Amino acid sequence: MIYLDHASTTPLDGEVLEAMMPYLKDNFGNPSSQHGAGRAAALGVLSARDKMAALAGCKAEELFFTSGGTEAGNWALKGACAANRGRHIIVSAIEHPALIESARDMQKFGYEATFVNPDKNGVIRAEDIESAIRADTVFCAVMAANNETGVIQPVEKIGEACAARGVFYYCDCVQTAGVLPLPVKACTALGFSSHKFYGPKGFGVLYIKEGARIARLISGGNQERGLRGGTTNAAAAVGCAAALESAVKGADENNKKIKALRDGFVERVLAEIKGSYLNGGENRLPATANISFDGCDGENLVFLLDLQGIAVSTGSACSAGAAAKSHVLTAMGLPEGRVKSAVRFTFGKQNTEDEVRKTVAVLKKSVKKIRGC
Ligand code: PLP
């Protein structure tokens, strides 16, 4: 299989699995238990949190473990609303459903939500966020980079606009963690997910700036300083820390390699397939290429490529399968044909030039087949 869907998930690194193994086998104790077995697991959790804090540039006490990026986003939005004054929420129109659906949930409780559209390049303008802020705005979410287009967002400027008006700013860093530095200074809270950078699935982190007010989402035991109940997944915490360390250390080299592969791919596709268009502006993550093909249906193309051993997607894994049209490309104002025919290719550190060559060849034939020429 040629795997070009790294924005959906990544394979687990061998060294990450190795780091996790002791906590899946010998150190199986509950990290909250008082006996030696529990303490051994707790030690792993402690050092994982310390390691991630050092990599993120924050305090260990500012990191809270979750089940992934979706929970981190839900917790930030709902927890900030519950703990702070104000009835108005701002969410960018290109956010992951974790934020958009959470905002809709809050609308049912009487909150007002403003969904801010991007420009035609997929960028959320800080000025637009600034003018959406009202006296009763309690929360704002704008992601670090979009999962469908890879377009990087002006997080620092948005953070300044929110800080100036005392608005809780959540930055979804699920696509940028391990690729770009985590913007802990610019936001009130941020979230990331281990399985996007070669770590285990079902584990994520919510950073909450010291002093920020947030209510808990999951009630239960005293884990995560009483803010998130549930037995801590020690193996996943250790795996996430090992994966983040490896991603951060290898970022320069991997970003360069992946960008070169991606750029070579895009250049060939745009030159060799007439009626193909790259979606999103220049300032994108190195891995991502979202391309539309005139006269094609994106879902059909994904299916045809899959039959030939190439894994790509139409957009976010959550909307694919539901055959929903991309809310991201729609918000960018792209015509319906461009939206419906879009396919997302996301490269990873194990991809090769040869895989790029094969993919271009298969893609050319598949597009021709769908177009019936
Ligand atoms: N936010 C973004 C930008 C994502 O791309 C994803 C997953 O694709 C998520 C949140 C959800 O993360 P998780 O799969 O860990 O729940």
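Near LYS108, which lysines are there with a Cα under 25 Å away, not counting those fewer than 8 places off in the same chain?
Output for LYS108: LYS78, LYS325.
Taking only protein heavy atoms into account and a 1.4 Å probe, give the accessible area per residue of the chain in Å².
Roughly 43 Å² per residue, with all protein chains present.
With r as the distance between the Cβ atoms of THR9 and LEU43 and R0 = 30 Å, compute the FRET efficiency 1/(1 + (r/R0)^6) and round to 0.05.
Between LEU43 and THR9 the formula returns 0.55.
Please state the charge dipole magnitude for the range 101-235, taken about the Cα centre, from unit charges on C-beta atoms (+1 on K and R, -1 on D and E), reported in debye and rounded to the nearest 20.
So the dipole magnitude of the range 101-235 works out to roughly 400 debye.
Ignoring ligands, DNA and RNA, what percent of the 1.4 Å accessible area of the range 14-249 is carbon and sulfur?
Ligands and nucleic acids excluded, carbon and sulfur reach 52 percent.
Projecting each Cα onto the charge dipole of the chain (Lys/Arg +1, Asp/Glu -1 at the beta carbon, about the Cα centre), which of SER32, VAL167, VAL45 comes out farthest on the positive side?
VAL167
If you fit an axis through the alpha-carbon atoms of helix 155-164 and take the longest principal axis of the Cα set of the chain, what angle between them do you get, 0 to 90°, nearest 10?
40 degrees
How much length would be gained if the chain were fully extended between LEU270 and PHE109, taking 0.36 nm per residue of separation minus their Cα-Cα distance, in nm to one decimal?
53.3 nm
With label points built 7 Å along Cα→Cβ from the Cα atoms of LYS368 and LEU307, find their separation and express it in nm.
The answer from the label model is 1.6 nm.
Using alpha carbons only, how many angstrom separate the centre of the range 115-140 from the centre of the range 225-247?
32 Å
Stretched out fully, how many nm does the piece from GLU18 to SER219 gain, at 0.36 nm a residue minus the Cα gap?
Answer, rounded to one decimal: 69.1 nm.
For the chain, rounded, prolate or oblate, judged on the Cα gyration tensor with a ≥ b ≥ c (square roots of eigenvalues), a/c < 1.5 rounded, else prolate if a/b > b/c?
oblate
Given labels modelled 7 Å from the Cα in the Cβ direction, how far is it in nm from ASP294 to ASN30?
Inter-label distance under the simple model: 6.4 nm.
I'd like to know which of SER219, ASN279, CYS187 lies farthest towards the positive end of the charge dipole of the range 154-298, counting +1 on Cβ of Lys and Arg and -1 on Cβ of Asp and Glu.
It is SER219, whose Cα lies furthest towards the positive end.
The values are calculated or read from the model by the stated rules, or taken from the named source; none is laboratory data. A quick note: this is a predicted structure, and the numbers were derived from the prediction, not measured. Heads up, the Cβs are rebuilt from the backbone with ideal geometry, glycines too, and the neighbour counts pull from every protein chain shown. The accessibility values were calculated without ligands, DNA or RNA, using every heavy atom of the protein model including side chains. Shrake-Rupley method; radii C 1.70, N 1.55, O 1.52, S 1.80 Å.
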